[in-house]
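**Q** The structure follows.
The values are calculated or read from the model by the stated rules, or taken from the named source; none is laboratory data. Bear in mind that the values here come from a model prediction, so they are computed numbers and not experimental data. Cβ: placed from backbone, ideal geometry, glycine included. Neighbour counts: every protein chain shown.
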């Protein structure tokens, strides 16, 4: 930033004109930031142009305040020695204007470039945003379908589980009823051998006619190994 500032001082310093840009901008001026210097640069250049023009007007030939139709008044150039080097000063003046024009042109081009970059970056950001939103919508749709499929599968599994539970319960009830039927039939079969008041005498006579000896010993395999004799 300091080198650019010194370059401006060297371009606009013209000792032959009696003043220069170095006199307008002291060397001990504190260096401003880029943004502040960019804002102050056009104002300084405009002030310099005004000073150059006013200086030329103040040192140029003077006309009378009145208007004479006879023509211009003859000027004594000996009283205005600064007009002798008018061509050189005009050349320097043109150089100053060219430098100012170039500076303003560069400033305009820089702003146009920044605006174009901002516009392009804004379009890129919007395009990226549209792509991201499209991807987000597609991802949400995919996750929604996946979630619906998972819920449907879970519902089917729950219904199958309930149906299987009902079938198992029905099978258990059927087995339970069959077991109870077998127990009833077995009790009915055993009931035929029950001793009742009606067949008590008959069963006593049957036991006396067919005595059974329960006085015996068995081995580990359940075989009768020793049995006493009935008397």
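**Q** For region 213-221, indicate whether the set of residues that are loosely packed, with under 10 Cβ neighbours inside 10 Å, modelled with pLDDT of 80 or more and at positive phi is non-empty.
**A** No, region 213-221 contains no residue that is loosely packed, with under 10 Cβ neighbours inside 10 Å, modelled with pLDDT of 80 or more and at positive phi.
**Q** Could you say which residue among 204, 195 is surrounded by 10 or more Cβ atoms within 10 Å (Cβ to Cβ), over 38 Å from the mean Cα position of the chain (by Cα), at negative phi and in a loop (DSSP other than H, G, I, E, B)?
**A** 195
**Q** Residues that are farther than 30 Å from residue 49 by Cβ and assigned to a helix (DSSP H, G or I): does region 78-88 have at least one?
**A** Scanning region 78-88, I find at least one residue that is farther than 30 Å from residue 49 by Cβ and assigned to a helix (DSSP H, G or I), so the answer is yes.
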